[in-house]
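Colleague: Sharing a structure below in structure tokens format, with a few things to ask.
The values are calculated or read from the model by the stated rules, or taken from the named source; none is laboratory data. In this text the structure is predicted, and so the values were computed from the model without any measurement. Don't worry about glycine lacking a Cβ; one is built from the backbone with ideal geometry, like all the others, and counts go over all protein chains shown. Each accessible area value is taken on the protein alone, full model and side chains, heavy atoms only, with ligands, DNA and RNA left out. Shrake-Rupley method; radii C 1.70, N 1.55, O 1.52, S 1.80 Å.
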Amino acid sequence: GREREREREKRGTMLTLDPQVRNWVMIPITFAMLLIGILRHLVAKLLRGSTTAKVKSIQAKQLVQRSQYLRAHSSFLNRAAFAQRKDYFCEKEKGKFNQKVDPSLNPQAQMMSDPSMLTDMLTKNLTMVVPQIVTGAWVNFFFSGFVVAKVPFPLTQKFKLMLQRGVDLSSLDVTYISSLSWYFLNLFGMGGLLQVLLGERTFDDTAVMQQQMSMGAPNMDTTGAMKQEREHLEMVRRKRT
């Protein structure tokens, strides 16, 4: 009897989920997140308008990528072929990386000359943050403290904080999912379903968060990137000779 009790303590308290919780908590949260995801996609698409990426900016990015591919696969080329491709990028007079760069390709210069870039960035951030604040407050106010689902496979205790937000029960088995954690799982995991339903790429929360972590600059510094890539490519030449 004591051994069974110890095993139950290790596994955690097991619960029987009420179907009413599924019908009035889990399904409404899922449906609300799906509807908000579609609305956010449509609003972002409407606000984005008909803006098109500049050809020069795309060409500069592709030029840097081609140089990176050349460095990564240089071992597959003989010396003459590698030298020819290297001169295309690094030759002092005609090399692509030694040409004068259009000042408008600098992200800071773009934002100074084109205020619509800053407005577009602010709009994207608001489109992401405002629905998150509203839905998070709604879930936390109306559905806080519910256990809505159970993972059908065992998990370690490291997942407890992620799956049981808002439910402070140390004895509860780690495989149960709280309502607040279900909201976060829907928030970051519904992109694939929305993409299937809408037939096109949707608003990506993860990409926007990464953009904010990188100081919010969606475009690269073309001058600095070309200079750095030229130096890296010249170092590869020294290693090969």
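Colleague: I'm trying to understand the selection: among the residues of segment 150-172, which are assigned to a helix (DSSP H, G or I), under 20 Å from PHE188 (Cα atoms) and open to solvent by 100 Å² or more (accessible area, probe 1.4 Å)? Even if it seems obvious, please write down each step before you answer.
Modeller: Keep residues of segment 150-172 that are assigned to a helix (DSSP H, G or I), which gives 157-163.
Those still in the list that are under 20 Å from PHE188 (Cα atoms) too: 158-163.
Selection gives LYS158, LEU161.
Colleague: Right, next: Do the conditions hold for ILE36, that is, is it assigned to a helix (DSSP H, G or I), open to solvent by 40 Å² or more (accessible area, probe 1.4 Å) and touching a Ser or Thr at 6+ places or on another chain (Cβ under 9 Å)?
Modeller: Considered against the rule, which asks whether it is assigned to a helix (DSSP H, G or I), open to solvent by 40 Å² or more (accessible area, probe 1.4 Å) and touching a Ser or Thr at 6+ places or on another chain (Cβ under 9 Å), ILE36 comes out as yes.
Colleague: If you don't mind, another one. Return the pair list, or none, for Cβ contacts closer than 8 Å from residues in segment 174-192 that are within 13 Å of LEU163 (Cβ to Cβ) to residues that are assigned to a strand (DSSP E or B) and open to solvent by less than 20 Å² (accessible area, probe 1.4 Å), at least 6 apart or on different chains.
Modeller: Going by the 8 Å Cβ cut-off, the qualifying pairs are TYR176/ALA149; ILE177/VAL148; ILE177/ALA149; SER178/VAL148; SER179/VAL148; TRP182/VAL148; TRP182/ALA149; LEU185/ILE177.
Colleague: Next question. So how many residues does segment 60-95 have that are under 32 Å from the mean Cα position of the chain (by Cα) and among the aliphatic types (A, V, I, L, M)?
Modeller: 5
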